[in-house]
Amino acid sequence: MNIIIQQKLDSYLTLLEEIKEKTGDEETARVLLSEVAQDLRMEQIHEERSFNGNVPATDNQIGYLKRLGAEIPEGLTKKQASKLIDATLAGKKQAMSVIEAPIRIP
């Protein structure tokens with residue numbers, strides 16, 4: 001077995017035992033370990049994406065922005081596209097809440 005994989009496996013097994021000692025329940029320990037592993041993976045993905053700041057926006061991002069009706073600037077990067085999508089969605093949500101607000105007439 002690869003040394004790195006063996007080291008990771010050993011650390012997960014050690015962590016599982018520590019969690020099991022604290023919770024007193026193996027099933028709970030497994031669930032918590034799974035959550036920890038997911039959190040670590042999401043952190044890793046976030047770090048990987050943060051290094052891609054100068055990579056051009058994907059076709060999917062550009063297509064989604066077009067469907068949202070956003071103005072797409074020239075040379076848009078993945079990071080910028082992601083922020084623009086969030087901002088556009090937030091703006092649409094805010095606009096919808098204003099439209100959907102009931103009006104009471106006394």
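Of all residues in the range 77-86, how many are under 17 Å from the mean Cα position of the chain (by Cα) and either assigned by TED's automatic domain parsing to the domain that holds I19 or hydroxyl-bearing (S, T, Y) (or both)? Here the count works out to 1. Taking (1) without any contact (Cβ under 8 Å) to a residue 24 or more places away in the chain; (2) surrounded by 13 or more Cβ atoms within 10 Å (Cβ to Cβ); (3) in a helix (DSSP H, G or I); (4) assigned by TED's automatic domain parsing to the domain that holds T88 in turn, N60 satisfies each apart from (2). Identify, by number, the condition in (1) assigned to a helix (DSSP H, G or I); (2) among the acidic types (D, E); (3) not assigned by TED's automatic domain parsing to the domain that holds S11 that E74 doesn't meet. It is condition (1) that E74 fails.
All of (1) assigned by TED's automatic domain parsing to the domain that holds L89; (2) in a helix (DSSP H, G or I) hold for L40 with one exception: (1).
Among the residues that make up the range 46-67, is at least one of them under 18 Å from the mean Cα position of the chain (by Cα), at pLDDT below 90 and among the hydroxyl-bearing types (S, T, Y)? Checked against the condition, which is being under 18 Å from the mean Cα position of the chain (by Cα), at pLDDT below 90 and among the hydroxyl-bearing types (S, T, Y), the range 46-67 yields at least one hit.
The values are calculated or read from the model by the stated rules, or taken from the named source; none is laboratory data. Source: prediction; values computed, not measured. Every residue, glycine as well, gets a Cβ built from its backbone with ideal geometry; the counts of neighbours run over all protein chains shown.
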